Amino acid sequence: MKKTQFTENQIIAMLKQHEQGVKASDIARTNGISDKTFYRWKSKYGGMTANELKRVKELEIENAKLKKMYADLALMNEALKDVIEKKL
């Protein structure tokens, strides 16, 4: 997946311009993006502040770690069940 050339703070600034009444097509044209990209960003980041976005990113990282831990524990649990069944 291609990484965007804009930071989240820049995207939020563009969305705030739109909230202040600037047309989406004008914002897209001045920043060299498509209207579709702007509206995708609006659906993803709409109404967020920079602090909220930072917190969401932290939670996503923590969630990924927890999912990995759960997967490892589930595999270990299955392996232990197999060992117990073979001993009986």
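What follows draws every value from the coordinates through simple rules; no lab data is involved. Owing to the predicted nature of the structure, the values given are computational and were not obtained by experimental measurement. We place every Cβ from the backbone using ideal geometry, glycine too, and count neighbours over all the protein chains shown.
The table below gives the values:
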{"quantity": "Approximate spin-label separation residue 73-residue 10, in nm, with each point projected 7 Å along Cα-to-Cβ", "calculated": "4.1"}
{"quantity": "Stretch gain in nm, segment residue 84-residue 43, where the contour uses 0.36 nm per residue and the Cα spacing is subtracted", "calculated": "9.8 nm"}
{"quantity": "Ellipticity estimate at 222 nm from DSSP helix runs (n ≥ 4, -39,500 (n - 2.57)) divided over the chain, nearest 500", "calculated": "-26500 deg cm²/dmol"}
{"quantity": "Two-site FRET efficiency, residue 17 against residue 62, from Cβ-Cβ distance with R₀ of 41 Å, rounded to 0.05", "calculated": "0.85"}
{"quantity": "Local net charge near residue 29, Cβ-Cβ under 12 Å (Lys/Arg +1, Asp/Glu -1)", "calculated": "-1"}
{"quantity": "Pairs of Cα atoms farther than 15 Å apart, the chain, %", "calculated": "69"}
{"quantity": "Rounded tilt (10° steps) of 50-87 against the dominant C-alpha axis of the chain", "calculated": "20"}
{"quantity": "GNM result for the chain, Cα springs below 10 Å: residue of 14, 69, 48 fluctuating most strongly", "calculated": "69"}
{"quantity": "Relative contact order (%) - the chain, alpha-carbon pairs under 8 angstrom, separation at least six", "calculated": "26"}
{"quantity": "Computed Kirkwood radius, in angstrom, where 1/r is averaged over Cα pairs of segment 1-48", "calculated": "10.7"}
{"quantity": "Cα-based Lys pair tally, segment 1-48, threshold under 19 Å, eight or more apart or on separate chains", "calculated": "13"}
{"quantity": "Ascending count of other beta-carbon atoms within 10 Å, so fewest first, for 42, 67, 86", "calculated": "86, 67, 42"}
{"quantity": "Cut-off 13 Å between beta-carbons: net charge of the residues surrounding residue 66, Lys and Arg +1, Asp and Glu -1", "calculated": "-1"}
